[in-house]
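Let me begin by presenting the structure, written as structure tokens, before commenting on it.
The values are calculated or read from the model by the stated rules, or taken from the named source; none is laboratory data. Remember, it's a predicted structure, so these values are computed and weren't measured experimentally. All Cβ positions, glycine included, derive from the backbone under ideal geometry; neighbour counts span all protein chains shown. Surface areas here come from the heavy atoms of the whole protein model, side chains and all, with no ligands, DNA or RNA. Shrake-Rupley method; radii C 1.70, N 1.55, O 1.52, S 1.80 Å.
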Amino acid sequence: MANRNDSRGFTLVEVVVALAIVAIGMLAVFKTIGDTVNNVSTLRDRSFAAWIADNRITEVRLSGQMPSVDQTEGDLDYAGRRWHWIARVSQTPVDGLRRIDLSVRREGDAEDSSLISLAGFIGATATSTGSSPTPWN
């Protein structure tokens, strides 16, 4: 009988190297999943902040009053979280037209770290309550 030295199977070194390669691949996958979760959370909060800013500008437009040129701020609960908004109203070069710059951040975030800044305009014709000079009959 001949002595056979061609045994089949993997050596311990080959198995350890294969496990190391799989472990490195899994770490990359887990890091990607973690980054995706963080991105989704940030995008969700930015969407909520944009809705809050848009709603606040709409409230000013629907009030029927021309806003005064100043800065106002407030807090509100929205989507299970506390938010802080700052509205800055400025006069534009056009008479009867004002600009509203609104920034929104999560409560507890640094004051200079707004998630969203949104600008809107309001004109004197949008706030007037008089009858229209145009006959619509």
For this session: Please find, among ASP109, ASP95, ASP45, the residue that is acidic (Asp, Glu) and open to solvent by 50 Å² or more (accessible area, probe 1.4 Å).
Result: ASP95
Problem set entry | Residue pairs meeting the criteria (Cβ under 7 Å; at least 6 apart or on separate chains; first outside any strand (DSSP E or B), in the stretch 104-123; second hydroxyl-bearing (Ser, Thr, Tyr)) | SER114/SER103
Exercise. Somewhere in the stretch 101-124, is a residue modelled with pLDDT under 90 and more than 30 Å from ARG46 (Cα to Cα)?
Worked result: yes
Problem set entry | ILE86 under 19 Å from the mean Cα position of the chain (by Cα), within 29 Å of ARG105 (Cα to Cα) and of a type outside the set (Gly, Ala, Ser) | yes
Seminar exercise, completed: Filtering the stretch 59-80 down to residues that are in contact with a helix residue (DSSP H, G or I) (Cβ under 8 Å, 6 or more places away or on another chain) and either among the β-branched types (Val, Ile, Thr) or open to solvent by 70 Å² or more (accessible area, probe 1.4 Å) (or both) yields ARG61, GLN65
